[in-house]
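Down below is the structure, laid out as structure tokens.
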Amino acid sequence: MTLSISRTAPFRKLQSRIGSATYRLNTILVGLEFIGDGGDKTAKLAVTWKKPPAEKAREVANQAQIFACSAALALASDVFDQFLRDISRERWLHFDSRTTAIATKSAKRSDADGGDYSVAERAEAIMVELKISEPELLAGIDLFSKWRNVVVHSGKRTVKVEDRFERILLDSTEFFHENFSHLDVELAIANFMGRKTPVPKEVTSLIAMAQRISRYIDEQAIKRVAGTSASMEQSVEALLSSYFSDPLRNKSPLQEIAEAWQGSSEQRRTKFLKILQQLGVAIVSNPVSAPLPDSYIEEALGLTPQQAMRRFVRSD
């Protein structure tokens, strides 16, 4: 039995929210095409909706598509924003305090120095610390987040892509065409500048960029702190400490540990492995971290509840 980590909790959360964004948005579009062609709702669908006149059906479908694209872009942007905050706060990943401050927006700049950090700059702070170089994707993130602001804030004219990112986008048209379903990034920039709602391909491509850059961040963050057996043990130790020390849990650390360590050796093993699985330490097909030595599990299960309290519960 080999236990490893393939995803952090923040990345698992991001995937659960927008991991199937393209399929879900396309499912909506399929339904809207049916409406545009004159289709009606089934009796099983418990919603208040009146079929539009035939001459209005296509217009109604198109308006709903604009709404769906706007909503998908806004949701995905906010989910990505939260991912940056959450992953930088994961104590076991040991991000520099300055990086965390920028990623969580607690660090401020004066207007003369550039004002608030943008979403792309916050992602960049994390990527610089992790030594990740993906300038095209980072430029795509700037377009992604800025377009979200245009959509949500009714075409706000002051929102623009940063000059350095716009140059990268325009110099990388082939990259985006080949990697994101033949996306025409020049047209995307023109649509953004025209304050238009992005079309489905633009929305799904921008979301895919956010997903890809999130995965790069997640994998490199895991490899940095859990790339060897020894460092993997230290990471699992930190994860368990956070788990048992979490003040938001319904039970006290003493109750949690007492329940986990009671019963037969096989029962304790089952409970302990279940806790590790909740923390993302499991048998996985695509491990990112080094494997957790079996000896660690045996050692942990050999502790008394009192020893486990001293080992896994933080005093801070």
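Each value in this text was obtained by applying a stated rule to the coordinates, not by laboratory testing. Here the structure is a predicted model, which means the values were calculated and not measured. Counting neighbours? That spans all protein chains shown, and the Cβs are built from the backbone with ideal geometry, glycine included.
Between I66 and D40, what length in nm is gained on full extension when 0.36 nm per residue of separation is reduced by their alpha carbon distance?
Result: 7.4 nm gained on full extension.
Post the alpha-carbon centroid distance, the stretch 88-114 to the stretch 159-184, in whole angstrom.
27 Å
Looking at the stretch 128-216, I'd like the Rg to Rh ratio, where Rg is from alpha-carbon atoms and Rh is Kirkwood's inverse mean 1/r.
A ratio of 0.95.
What relative contact order, as a whole-number percentage, does the chain give when Cα pairs under 8 Å and 6 or more residues apart are counted?
Value for the chain: 27 percent.
Which whole-Hz ³J(HN,Hα) couplings does the stretch 37-45 yield from phi under the Karplus relation 6.51 cos²θ - 1.76 cosθ + 1.60, θ = phi - 60°, glycine and proline marked x?
8, x, x, 10, 6, 7, 5, 6, 7
Could you calculate the FRET efficiency of Q262 with S20 from 1/(1 + (r/R0)^6), where r is the beta carbon distance between them and R0 is 41 Å, rounded to 0.05?
The computed FRET efficiency comes out at 0.55.
Please report, in debye to the nearest 20, how large the charge dipole of the chain is about its Cα centre when each Lys and Arg carries +1 at its beta carbon and each Asp and Glu carries -1 there.
1080 debye
Under the Karplus relation 6.51 cos²θ - 1.76 cosθ + 1.60, θ = phi - 60°, what is the ordered set of whole-Hz ³J(HN,Hα) values for the stretch 3-16, x standing for Gly and Pro?
My calculation for the stretch 3-16 gives 9, 9, 10, 10, 8, 7, 4, x, 6, 4, 5, 4, 5, 5 Hz in order.
How high is the FRET efficiency between K131 and K108 when r is their beta carbon distance and R₀ equals 25 Å, given to the nearest 0.05?
After rounding, the FRET efficiency stands at 0.45.
Could you tell me the relative contact order of the stretch 7-166? Use alpha-carbon pairs under 8 Å, at least six residues apart, and round to a whole percent.
The value is 18 percent.
Under a point-charge model restricted to the Cβ atoms of Lys and Arg (+1) and Asp and Glu (-1), what is the dipole moment magnitude of the stretch 61-148 relative to its Cα centre, in debye to the nearest 20?
The calculated dipole for the stretch 61-148 is roughly 240 debye.
Using alpha-carbon pairs under 8 Å, 6+ residues apart, how would you state the relative contact order of the stretch 135-294 in percent?
Relative contact order, the stretch 135-294: 20 percent.
Net charge near P198: determine it from the other residues with C-beta under 15 Å of the C-beta of P198, scoring Lys and Arg +1 and Asp and Glu -1.
Combined, the nearby Lys, Arg, Asp and Glu give +1.
Counting just the Cα atoms, what span does the stretch 160-316 cover along each of its three principal axes? Round to the nearest Å and put the largest first.
Taking max minus min along each principal axis of the Cα atoms, the stretch 160-316 gives 65, 31, 26 Å.
If each of D171 and S97 carries a label point 7 Å out from its Cα toward its Cβ, how far apart are those two points in nm?
Between D171 and S97, the label points sit 3.7 nm apart.
Taking amide H positions as placed 1.01 Å from N in the peptide plane, with prolines and chain starts having none, which residues 5 or more places from H94, or on another chain, fall under 5 Å of its amide H?
For H94, whose amide H was placed from the backbone, there are no distant partners under 5 Å.
Compute the Rg to Rh ratio over the stretch 72-209 from the alpha carbon atoms, using the Kirkwood formula for Rh, and round to two decimal places.
Over the Cα atoms of the stretch 72-209, Rg/Rh equals 0.96.
Set Lys and Arg Cβ to +1 and Asp and Glu Cβ to -1, take the dipole of the stretch 46-102 about its Cα centre, and tell me which of F67, Q82, P53 lies farthest positive.
P53
If the only charges are +1 at each Lys and Arg Cβ and -1 at each Asp and Glu Cβ, what is the size of the charge dipole of the stretch 112-157 around the Cα centre, to the nearest 20 debye?
Magnitude of the dipole: close to 320 debye.
Net charge near S235: determine it from the other residues with C-beta under 12 Å of the C-beta of S235, scoring Lys and Arg +1 and Asp and Glu -1.
0
Give me the distance in nm between label points sitting 7 Å out from Cα along the Cα-to-Cβ direction at R85 and E33, one decimal.
3.8 nm
Among the listed pairs K160/K196; K13/K223; K13/K196, which are separated by more than 23 Å between their Cα atoms?
Check vs 23 Å cut-off fails for K13/K196.
What net charge is computed for the residues neighbouring V288, neighbours being all others with C-beta under 13 Å from the C-beta of V288, Lys and Arg scored +1, Asp and Glu -1?
Around V288, the surrounding residues sum to +3.
Provide the three semi-axes, in whole Å and in decreasing order, of the ellipsoid equivalent to the chain as defined by the square roots of 5 times the Cα gyration tensor eigenvalues.
Semi-axis lengths for the chain are 43, 26, 17 Å.
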